[in-house]
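Novice: Let me give you the structure first, and then I'll get to my questions.
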Amino acid sequence: MLKEVSVQESEQLRGERMLLLVLAAIQFTAIVDFLIILPLGPQYMRVFGITPGQFGVIVSAYAISAGISGIATGVVLDKFDRKRALLALYLGFAVGTLFCALAPTYHLLVAARVIAGAFGGVAGALILAIIGDVVPEERRGSAMGLVMSSFSVASICGVPLGLLLATSLDWHLPFLVLAGLSVLILIASAYVLPPLRAHLQHARNQHPVARMLAVLGRTDHQMAFLFMAVLSFTGFIVFPNIANYMVWNVGLTEKQLPLIYLAGGIATVFSLNWIGRWSDRTGKQRVFTLMSLAATVPILLLTNLPRVSLLAAIATSTLLMVCMSGRMVPAMALMTGSIEPQYRGGFMSVNSSVQQFACGVAAYFSGQILTQTPSGELAHFPLLGAVSIVCALTCIYLARFLKMPMNGAGPVQALPAEG
């Protein structure tokens, strides 16, 4: 009997691991699709003859579209089987990425970014909802660490490889390869993902608008949205300006910039998974607090970094990436565990929108504060670092208001397939 139970548990863990790997692969393609735009600015400005402001529209189109679509789909997301919803969203993302590869003009490229963001942003939110449904609370931190490590893999492999293809051959090629990879992952997802319908029993008798009002009206949800907004603002007020600061103030060359992504990505591959296991053992609230406090040190160092050696610059930026990304693992585990299953899809969709809008506001705010001196250096970057530190400390306070999961609450199991 014990042997049968052990075999059953082993099979369940194996299936859970396969599901997480597929979700991580989906997340990987979405992250590469977003990140690869940033270092391609010089090529876009040369090919399309656009200004830096117009290039900013290309970058922001994805995030703004993701934010709007998250609110729109949040009304109905919990009315569908999570598997079917994710496959449909990911197909739309693949099509949008293909349009990016084929776009012949600036305006069509912006339109393609809008399509990719509309589907890709919501798919990311649905991935978090699926983890909250399937993975037990005691393993949820590790699961978040595994899926979020896709950011590290994207930094190590996706972005450098995409840059190599773009600079050596053509800027269309990274998106073409990414679209093809997305189709392969889509096929694998159709086989690996189980039907996920348990949440439907809570949603069938409630109007979608009423459900969304229920999601938005709860005080604990509002505190969670505020927490996510400040959490996102903390990082994005600094990160979009790191590359320019490293070149203009610290003295790195543009060819040395990929080393920052590479070193940070390699370090976070190990740190995210370790922090996930640590948060499961020690407690997610405690680990989040410690990582947030630790993040204030590299924020202060990097935003005040003078001209230093390449090694010192990489060490500082890597420490920042480890600490800032390390906050997200326990934070997202706390978020998913605090939401009741029947609201989780809609909540995560709105939460993704809040995150995207917060990033957009942070980027706009930082652009208004930063100025360029006659010598070409960025001014007021230390001020942005101070704002980021205040936000990081504020997150520690806000995390105390997140609703804790009930003791003994297990995962939401998938219902048998219909028909």
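The values are calculated or read from the model by the stated rules, or taken from the named source; none is laboratory data. Remember, it's a predicted structure, so these values are computed and weren't measured experimentally. Ideal geometry is used to build each Cβ from the backbone, glycine not excepted, and the neighbour counts take in all protein chains shown. Side chains included, ligands, DNA and RNA excluded: accessible areas come from the protein's heavy atoms. Shrake-Rupley method; radii C 1.70, N 1.55, O 1.52, S 1.80 Å.
Novice: Consider all pairwise Cα distances in the range 260-405 and report the whole-number % of them above 19 Å. List each step's numbers first, then the result.
Specialist: Details: 6486 of 10585 pairs.
Above the 19 Å cut-off, the range 260-405 has 61 percent of its Cα pairs.
Novice: Now for a separate question. Quick check: pseudo-label points 7 Å beyond the Cα along Cα→Cβ at Leu102 and Ala386, how many nm apart are they?
Specialist: 5.2
Novice: State, to one decimal in nm, how far the label point of Leu161 lies from the label point of Val57, with both points 7 Å from Cα in the Cβ direction.
Specialist: 3.3
Novice: Any idea of Lys284's accessible area? Nearest 10 Å², probe 1.4 Å.
Specialist: Its heavy atoms expose roughly 20 Å² to the probe.
Novice: Could you check the spin-label model distance between Leu301 and Ala315? Points 7 Å from the Cα along Cα→Cβ, value in nm.
Specialist: Label-label distance for Leu301 and Ala315, simple model: 0.7 nm.
Novice: Compute the distribution of all C-alpha to C-alpha distances in the range 268-313, in bins of 5 Å from 0, and list the percent of pairs in each, rounded to whole numbers.
Specialist: Computed distribution, short to long bins: 5, 18, 19, 19, 15, 12, 8, 3, 0.
Novice: So, one more: Need one word for the range 223-286: rounded, prolate or oblate. Basis is the Cα gyration tensor (sqrt eigenvalues a ≥ b ≥ c); a/c below 1.5 gives rounded, then a/b vs b/c decides.
Specialist: Working: a/c = 4.15, a/b = 1.55, b/c = 2.67.
Oblate shape, in that a/c is at least 1.5 and b/c is the bigger or equal ratio.
Novice: Working with all protein chains in place, sort Cys391, Cys100 by solvent-accessible area computed with a 1.4 Å probe, largest first. Mind showing how you got there, number by number?
Specialist: Working: Cys391 20, Cys100 0 Å².
Order by accessible area, largest first: Cys391, Cys100.
Novice: Can you tell me how much longer the chain between Leu226 and Arg281 gets when fully stretched, taken as 0.36 nm per residue apart minus their C-alpha distance, in nm with one decimal? It would help to have the intermediate numbers written out before the result.
Specialist: Details: separation 55, 0.36 × 55 = 19.80 nm, distance 2.68 nm.
Full extension from Leu226 to Arg281 adds 17.1 nm.
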